[in-house]
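The values are calculated or read from the model by the stated rules, or taken from the named source; none is laboratory data. As the structure is a prediction and not an experimental result, all values here were calculated from the model. Cβ placement follows ideal geometry from the backbone for every residue including glycine, while neighbour counts extend to all protein chains displayed. For accessibility, only protein heavy atoms count, side chains too; no ligands or nucleic acids. Shrake-Rupley method; radii C 1.70, N 1.55, O 1.52, S 1.80 Å.
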Amino acid sequence: MSARPRLGYDGVVVNLPVTIPYARYSTHSAHWWLGRALGELIRGSGLAKRDVDGVCVSSFTLGPDTAVGLMQHLGMSPRWLDHIPMGGASGVVALRRAARAVQAGDAEVIACIAGDTNQVDSFRNTVSQFSRFAQDAVYPYGAGGPNASFALLTDYYMQHYGATREDFGKLCVAQRDNALKNPHALMKKPLTLAQYLAARSITDPIHLFDCVMPCAGAEGYLVMTEDRARALKLPFTRIRSTIERHNAFPEDPIQFRGGWAMDKDDLYAHAGTGPEEIDFLETYDDYPVINMMQFEDLGFCAKGEAATFVREHSFTLDGSFPFNTSGGQLSVGQAGAAGGYLGFVQAVRQLTGTAGATQLAKARLGMVSGFGMINYDRGLCSGAAILERGQV
Amino acid sequence: MTAPLATPKKKNPVQRTRLATLPPGARSRSALGLTRAAAEGRFELQVCADCATVQYPPREVCGHCLSEQLDWQTVDNHGELIATTTLRHSNDLYFRERLPWRVGTVKMAAGPVVVAHVHEDCAASGTVRLTLKLDRSGQAVLHALPEQDTPNMNDAAQLRESTCDPKHRRVLVTDGKSAMGIAVARAMLDAGAAAVFLGDPTPWKTVAAYDTLIEDERVQPVDLDVTDTDSVDRLAASIGGKVDLLVNTASYLRGNPGEGGILGRKDVILARDAMEVNVLGLMRLAQAFGPGMRFRAADGTNHAVAWVNILSIHALAPLPARGAWSASMAAALSAALTLRAELAGTGVRVVNIFPGPIDEEWEQLTPPPKLSPAAVAKAIIHALKDGVEDVYVGDIAEEIRARLRENHKAVERELGQ
Ligand SMILES: [Zn+2]
């Protein structure tokens, strides 16, 4: 950790969480989904298009365009532009970039958007061309995609820490209960533990309900000064602390922890709080095992004790540890890079009192965590943010 | 333990033949270093010349000290299998047709962590041996094998996808009357080949070993003269749909050393005769048998799998004393490489054998060491079972190969003496 103190995020806030309702398949391109998210943000804020002078974009299916091409497509002339190719960590990392830009005065209002389309072949294309290491050293081994990579680390985690399918199932079932209150969730039917356990194996020990459903969709939020938010009368969320880390613990033979384990002390110290103060947690949940790692590595329980932690809590909206309150990707769907925004946008909803039927009774301090990019054998990007309800 | 491979059922002639699909073949330029090693059956990874860190996946610069001095070196191939999974779903057509498929994570003693195909005889954890083998796309892949050989391990379906094992396969030996042809036919039968079509280019000539071989009920004598297009086409029309493995033993070598150069002669008759068999014969065979093999490249457990050319190390560096013949070998190699490229899209492997001098009648005056045809046949069987595609047989071939890598000019000068 650096000896120099980190600046706080005073005076910078997050608001206007938007979701473009997901679709299993879409004939539109990523531009359509990203454009709709930006449109919702601009209309919802009451700002003119030119007042949004910064844009941050994440997408897997925007190619051959980048954020630059998208700006011409959308008729935007921002003075600050970023493109964050960090998959499931994009939501948190976009916040980190945007908040500092607003704080420094490089931009006034930044629209952070993430979206992807899902055409019938786009998932296979994304997976087969994901990275050079994947192309050379993973894809030729059965072409199982992320299922196979997560199956290996789930196998290792189960062997070493004694987590069972019942434990993973409990999380999936709780998330489904939460999703039933979220109109955006693609999964509309309840899930029982018996159904979870009886599901067919996809890639042992990963079974059907351990996998997310790839889909099309977009998510977005705005970052601006607190003064601007007050002037616009937009409920807002403060930023207490954030972290990110890439390629943490390269010496680990297989992933049993993420970068959060390196940075969680900094996360809490910077926020001046601790895990016991957090009212709810939104994690990146492409597979249940990674939820377990986040419980541990973010300090909610000790390493190797997530299974016990799972057995002690309910994870539902009205339960003892509200968790993935939108239903998470496992029940809402994984809209490409928007999957890296899902938890973040939901947290901003909880903290601005706009979470509808999923609104928690107590949501003052929330944590969002992100995880992404299985470049070879493990997820490389991790990030987390502690957000606090603002007083309008 | 792997169950022995069952004898393939007789093919139902009205059933559609499954066409070949290939595993993902795209690789970075660096990763082709693995393919170079696998093609010759070596186990090599990049090793940093500055800090000795072993790299995987292949890199451009050292992942530890950022040096760009990465050399391909033989490294310890042992490791611990720390996680496994069995895929019951794949995004790729080739694997979909072959599910379930077992892969795992191996922590190598040499340092890196690799994802590998895992043999069915490997326990869920423990020590494994890694090997680099070519898959059906012709690219190198890692297979984790049990630390010690197990019975029938080469019969495991996943491993068989990287090998060209003759077991239960039908083999055409193009010239069955040569010493080499007879040795290859015998080795194929010993390796479990279901049938050997034994080519006879000279029905008027009696060869005792040939007559003995065809008494075996698995051996079927066939007329085949590779210098005669009609003969080649007639045979392809008759058995072209049943050839799973083709070993081209037809070879032309005449004259004593010194009589076969270029300036020592006033004609090109010897050169033309050598080309007729060694080059045009190969092309005739390819045109007649290639299409059938290509069509049957995924047809059951005994699908068409490999085309073996017995060339010579002098395809790579000429022996001036046999200059005309050396030229025919170089041309044959070039044709073989084209055939390899043309068959690459189907998974039928072209295996090139580069022996040194062979102990046969036209090498009478060549000093030892000379290879017995049986030694070359044995090397062919090993190559097919191990899944390699370039084989340098014998001390002379290996030495010339090594010296070519070191300094090809030195080889030119020294062979000329
Ligand atoms: Zn180094």
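General observations
- Scanning region B:32-63 for residues that are away from the ligand (no atom under 15 Å from the Cβ), facing chain A (nearest Cβ under 10 Å) and buried (at least 22 other Cβ atoms within 10 Å of the Cβ) turns up B:LEU34, B:PRO57.
- Number of the condition not met by B:LEU99 [criteria: (1) within 12 Å of chain A (Cβ to nearest Cβ); (2) open to solvent by 20 Å² or more (accessible area, probe 1.4 Å); (3) under 25 Å from the mean Cα position of the chain (by Cα); (4) not acidic (Asp, Glu)]: (3)
- Tally, over region B:168-181, of residues that are open to solvent by 10 Å² or more (accessible area, probe 1.4 Å) and either outside any loop (DSSP other than H, G, I, E, B) or charged (D, E, K, R) (or both): 5
- Residue that is nearest to the ligand (Cβ to nearest atom), among those in region B:68-96 that are within 11 Å of chain A (Cβ to nearest Cβ) and open to solvent by 40 Å² or more (accessible area, probe 1.4 Å): B:GLU80
- Lone qualifier among B:GLY79, B:GLY63 - being within 31 Å of the chain's Cα centre (by Cα) and at pLDDT 95 or above: B:GLY79
Matching residues to (1) more than 30 Å from A:TRP80 (Cα to Cα); (2) at pLDDT 95 or above; (3) not in a loop (DSSP other than H, G, I, E, B):
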residue	(1), (2), (3)
A:ALA111	no, yes, yes
A:GLY115	no, yes, yes
A:THR126	no, no, yes
A:ALA143	yes, no, no
A:PHE150	yes, yes, yes
A:TYR156	yes, yes, yes
A:GLN175	yes, yes, yes
A:ASN182	yes, yes, no
A:MET187	yes, yes, no
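- Screening region A:1-88 for strands (runs of 3 or more DSSP E) wholly inside it with 1 or more residues that are open to solvent by less than 20 Å² (accessible area, probe 1.4 Å) returns the ranges A:12-23, A:54-58.
- Contact annotation: residue pairs with Cβ atoms under 8 Å, 6 or more positions apart or on different chains, pairing a residue in region B:31-54 that is in contact (Cβ under 8 Å) with a residue 12 or more places away in the chain with a partner that is of a type in the set (Lys, Arg) and within 16 Å of the ligand (Cβ to nearest atom), are B:GLN46/B:ARG59.
- Screening B:ALA124 on (1) crowded, with 22+ Cβ neighbours inside 10 Å; (2) aliphatic (A, V, I, L, M); (3) away from the ligand (no atom under 16 Å from the Cβ) shows it passes everything except condition (1).
- Of all the residues in region B:324-356, those that are modelled with pLDDT under 95, open to solvent by 10 Å² or more (accessible area, probe 1.4 Å) and more than 19 Å from B:ALA250 (Cα to Cα) number 3.
- Taking the numbered list (1) over 22 Å from the mean Cα position of the chain (by Cα); (2) at pLDDT below 95; (3) part of a helix (DSSP H, G or I) in turn, B:GLY261 passes all entries but (3).
- Candidate set: region A:101-138, residues that are at the interface with chain B (Cβ under 7 Å from one of its Cβ atoms), open to solvent by 20 Å² or more (accessible area, probe 1.4 Å) and in contact with a Ser or Thr (Cβ under 8 Å, 6 or more places away or on another chain); chosen: the one farthest from B:THR105 (Cα to Cα): A:ARG132
- Region A:226-280: number of residues that are within 14 Å of another protein chain (Cβ to nearest Cβ) and of a type in the set (D, E, K, R): 2
- Any hit, region B:199-211, residues being among the acidic types (Asp, Glu) and either in the same structural domain as B:THR86 (by TED's automatic domain parsing) or open to solvent by 10 Å² or more (accessible area, probe 1.4 Å) (or both): yes
- Residues in region A:194-246 that are among the basic types (Lys, Arg) and touching a residue at least 60 places away in the same chain (Cβ under 8 Å): A:ARG228, A:ARG230, A:LYS233, A:ARG238, A:ARG240, A:ARG245.
- When residues of region B:137-156 are limited to those that are out of contact with any helix residue (DSSP H, G or I) (no Cβ under 7 Å at 6 or more places or on another chain) and within 13 Å of chain A (Cβ to nearest Cβ), the one nearest to A:ASP155 (Cα to Cα): B:ALA144
- Among the residues of region B:375-416, those that are among the small types (Gly, Ala, Ser) and either in a helix (DSSP H, G or I) or over 28 Å from B:SER162 (Cβ atoms) (or both) comprise B:ALA375, B:ALA377, B:ALA379, B:ALA383, B:GLY394, B:ALA397, B:ALA402, B:ALA410, B:GLY416.
- Conditions (1) over 30 Å from B:ALA157 (Cβ atoms); (2) among the aliphatic types (A, V, I, L, M); (3) surrounded by 24 or more Cβ atoms within 10 Å (Cβ to Cβ); number of the one not met by B:VAL308: (1)
- Helices (runs of 4 or more DSSP H) completely within region A:282-392 that count 2 or more residues being open to solvent by 10 Å² or more (accessible area, probe 1.4 Å) and of a type outside the set (Phe, Trp, Tyr): A:306-312, A:339-352
- Checking B:ARG136 against (1) open to solvent by 20 Å² or more (accessible area, probe 1.4 Å); (2) in contact with a Gly (Cβ under 8 Å, 6 or more places away or on another chain), the condition it does not meet: (1)
- Set A:THR164, A:THR154: member being over 27 Å from A:VAL345 (Cα atoms), away from chain B (no Cβ under 14 Å) and either in contact with a helix residue (DSSP H, G or I) (Cβ under 8 Å, 6 or more places away or on another chain) or aliphatic (A, V, I, L, M) (or both): A:THR164
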